[in-house]
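This report concerns only the one structure given below.
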Amino acid sequence: LKHLLTAESLSDQEVMGLIKRAQEFKNGEKWQPRKEQYFVANLFFENSTRTHKSFEMAERKMGINVIEFDAKASSVSKGESLYDTVLTMAAIGVDAVVVRHSEENYYNQLIQSKTITCSVINGGDGSGQHPTQCLLDVLTIYEEFGRFEGLKIAIVGDLTHSRVANSNMKMLKRLGADLYFAGPEEWYNKKYEAYGEYQPIDAVVDKVDVMMMLRVQHERHEGDENFSKEAYHREYGLTVDRAARMKEQAIIMHPAPVNRDVELADELVESYQSRITQQMTNGVFMRMAILEAIMSGKA
Ligand code: CP
């Protein structure tokens, strides 16, 4: 694997290979590097806790050298572009960069460059895609059910701004899941019809195997000063009462950070049906599998 940019750039076989390898890492298997030293720079131009720190944990577990980068303390503050920052990383010998940036498809200019030789791993591009979150999510679902075919999965909430939803709907549909979308209708777009049907949350909550809740992205909503957290929770959120209607074996997922008592009731975050902390844990092992797949082309 040279780069990881979108969910659809991976074949089904590659996805299943990454799931199996992440499970092996979780079971204690070690990476066998083919050269002595690898270098990775994590370039986060948007805030992150999970993606940034689980990549760093994965890198350190694998013995990869992590090149520290703080956008605010870098030459980005002098106006240096993303392109020139990555060009610099490649020039000093970095094997791969993990990039989170607010610009959708920021990676196109990087991978088209003849001089940028390092691999690019997309840690989230605006409202575009979040392929590594998508892969840790499919790992979590596969661990739970051992299959995707025929699973009923609801993706609920801020679909318009969610790069997680964008990656996951493409991946899960392709792997054979039956998808439903719920949440405010104005946040549903007809283009999602190719992947699943819109239904009110009360119509899906008792029939699905996975309730995948999305964070309300307040920072990407303009002019929503009338937004009421209480009203959102009541009308579109997974409340305690709604969760009581879920199937016994159904699970709750959320990429986090969670707006507690907005899209998801506070009490449900660590409930027995929640897999939110497992998603975070799986993020480390899936990112190890991704880094291995990328680094195996570097030896
Ligand atoms: N799920 C996720 O991407 O979280 P962070 O923004 O904390 O990385």
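The values are calculated or read from the model by the stated rules, or taken from the named source; none is laboratory data. All values derive from a computational prediction rather than experimental measurement. When we count neighbours, we look across all protein chains shown, and the Cβ atoms used for this are built from the backbone with ideal geometry, even at glycine. Only protein heavy atoms, including side chains, enter the accessible area calculation; ligands, DNA and RNA are left aside. Shrake-Rupley method; radii C 1.70, N 1.55, O 1.52, S 1.80 Å.
Here is how the numbers come out for the structure above:
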{"quantity": "Volume of the Cα convex hull of the stretch 157-209, divided per residue and given in Å³", "calculated": "73 Å³"}
{"quantity": "The stretch 171-264, accessible surface, carbon-and-sulfur percent (1.4 angstrom probe)", "calculated": "44 percent"}
{"quantity": "Relative contact order for the chain, counting Cα pairs under 8 Å that sit 6 or more residues apart, in percent", "calculated": "22 percent"}
{"quantity": "Accessible area of the stretch 132-205 divided out per residue, in Å², using a probe of 1.4 angstrom", "calculated": "34 Å²"}
{"quantity": "Span-rule helices in the chain, defined as complete DSSP H runs reaching 15 Å or more along the axis (Cα) with Kyte mean at least -1.0", "calculated": "12-26, 131-145, 163-174, 276-295"}
{"quantity": "DSSP loop chymotrypsin sites (Phe, Trp or Tyr not before Pro) with at most 13 other Cβ within 10 Å: longest gap in the chain", "calculated": "1-226"}
{"quantity": "Whole-number accessible area per residue in Å² for the stretch 244-299, which is evaluated in the context of all protein chains at 1.4 Å", "calculated": "39 Å²"}
{"quantity": "For the stretch 202-274, radius of gyration divided by Kirkwood radius, i.e. Rg to Rh on alpha-carbons", "calculated": "0.98"}
{"quantity": "Space enclosed by the convex hull of the alpha-carbon atoms of the stretch 80-191, per residue, Å³", "calculated": "118 Å³"}
{"quantity": "Calculated diffusion of the stretch 109-263, Stokes-Einstein form, Kirkwood radius summed over Cα pairs, 25 °C and 0.890 mPa s, µm²/s", "calculated": "150 µm²/s"}
{"quantity": "Those lysines that a straight Cα-Cα span of less than 19 Å connects to residue 170, excepting residues fewer than 8 apart in one chain", "calculated": "152, 190, 191"}
{"quantity": "Centre separation in Å (Cα based) which lies between the stretch 62-114 and the stretch 17-55", "calculated": "17 Å"}
{"quantity": "Surface share of carbon and sulfur [accessible, 1.4 angstrom probe, percent] for the stretch 28-110", "calculated": "46 percent"}
{"quantity": "Phi to ³J(HN,Hα) by Karplus 6.51 cos²θ - 1.76 cosθ + 1.60 over the stretch 180-188, Hz, x for Gly, Pro", "calculated": "10, 10, 9, x, x, 4, 6, 9, 9"}
{"quantity": "Total charge dipole magnitude, the stretch 194-288, about the Cα centre, Cβ charges on Lys, Arg, Asp, Glu only, Debye to nearest 20", "calculated": "420 debye"}
{"quantity": "Where labels lie 7 Å past Cα in the beta-carbon direction, separation of residue 244 and residue 231 in nm", "calculated": "2.6 nm"}
{"quantity": "The chain: Rg to Rh, with Rh as the Kirkwood radius over Cα pairs", "calculated": "0.97"}
{"quantity": "Expected 222 nm ellipticity per residue - DSSP helices of 4 or more, -39500 (n - 2.57), all of the chain, to 500", "calculated": "-10500 deg cm²/dmol"}
{"quantity": "The stretch 1-149: relative contact order in percent, alpha carbon pairs under 8 Å with at least 6 residues between", "calculated": "30 percent"}
{"quantity": "Inter-centroid distance (Cα atoms) of the stretch 231-299 relative to the stretch 148-181, Å", "calculated": "13 Å"}
{"quantity": "Cα→Cβ-extended label distance, 7 Å offset, between residue 271 and residue 221, nm", "calculated": "2.2 nm"}
{"quantity": "Inter-probe distance in nm under a simple model that places probes 7 Å from Cα toward Cβ, at residue 203 and residue 13", "calculated": "4.0 nm"}
